[in-house]
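**Student:** Let me begin by handing over the structure; questions about it come next.
Just so it is clear, none of the values below were taken in a lab; they were calculated from the coordinates. In this text the structure is predicted, and so the values were computed from the model without any measurement. Backbone-built Cβ (ideal geometry, glycine too); neighbour counts: all protein chains shown.
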Amino acid sequence: MFRRILTAFILLTVYVINLRAQETKEAFNIIPLGVKGGDDESNLSSYMIAPKGSDNYVCLDAGTINAGIQKAIDHQSLKGISETVQRKQIKGYLISHAHLDHVAGLIINSPADTAKNVYGLPSVLNILRDRYFTWDAWANFANEGEKPQLKKYTYFPLPEGNSYPLEGTEMKVKAFELSHGNPYKSTAFLISHDDSDVLYLGDTGADEIEHSDKLFKLWQTITPLINSGKLKAIFMEVSFPNEQPDKQLFGHLTPKLFFSELSRLESLTNKQALKKVSFIVTHIKPPEHQAEKIKQQLLSGNLKNLKLIFPEQGKRLTIN
């Protein structure tokens, strides 16, 4: 009798350990350093992401860095001091496009940073090289461009669709081109760790407005990941309310266009599998009354009961 009880206890213990290991393996920690689009320089698009249990983060865009880290420390999402977090825990930057609300934090905080990679489409990195990290605009902290080159940052081009390790982390990345006010390019990054993935979309317009097929091709690519349960979350922007005229979208989405694109994705996927994916809504533009209208339109338009998450600056998100 005692032996059977002991055997059952051991089996239960092994099951719990394996379950916890699986949960750890299949989760990401995300710390929003900045969540808004628009004119609040202290809270612009930037998200630290790492596998659960790891402090080896990369930044998805870099509109706000220092102020966002300080906010995260205030919320106890990070420990230490801001400068140390940036220097030691952020291992690199993935830049979706080179508009200032996605790169200002990287540029301004570069003097205090340490050597690391800046990842992006070649066309995006060329803008950083030729427009921002120049001696007229700031200083050239990178390994290419105007001389002298301080070589703190190394440009790491990401040809579309190929998988590359993110140096200093346990993660890999694939880049996919988006249309952000055709012909201006933005990027989606697929972040992978073990059997789990997170998809981050930089600013993007809807295919029907952009006269493009970039999003539909992306949906086709990620459909198997959704159906298999590997894709845990999708970051996707909604910048304007539904009342915004199409001619004044400037390569962005409204709640109506957001759900229109997700309906196209749903047509390709298993509907129950899609409901397990978390949709992290990014780049909501101020003023505050407009931001609230966007949220309400998203909530009222969510007829398929998708998992919508509205990130707050500095508050940790755990994606399982």
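**Student:** Set the bar at 25 Å for Cα to Cα. Now go through K116/K174; K174/K214; K151/K214 and name every pair that lies beyond it.
**Tutor:** K151/K214, as the Cα separations exceed 25 Å there.
**Student:** With viscosity set to 1.567 mPa s at 4 °C, what whole-number translational diffusion coefficient in µm²/s follows for the chain from Stokes-Einstein and a Kirkwood radius over Cα pairs?
**Tutor:** After rounding, the answer is 64 µm²/s.
**Student:** Within the set of other residues whose C-beta is less than 12 Å from the C-beta of S163, count the net charge using Lys and Arg as +1 and Asp and Glu as -1.
**Tutor:** Neighbourhood net charge equals 0.
**Student:** Sticking with this structure for a sec: If amide H atoms are built 1.01 Å from N in the plane of the peptide, which residues on other chains or at least 5 residues away come under 5 Å of the amide H of S278?
**Tutor:** Amide H neighbours of S278: A233, I234.
**Student:** Grab the other residues whose beta carbon is less than 10 angstrom from that of T64, score K and R as +1, D and E as -1, and report the net.
**Tutor:** -2
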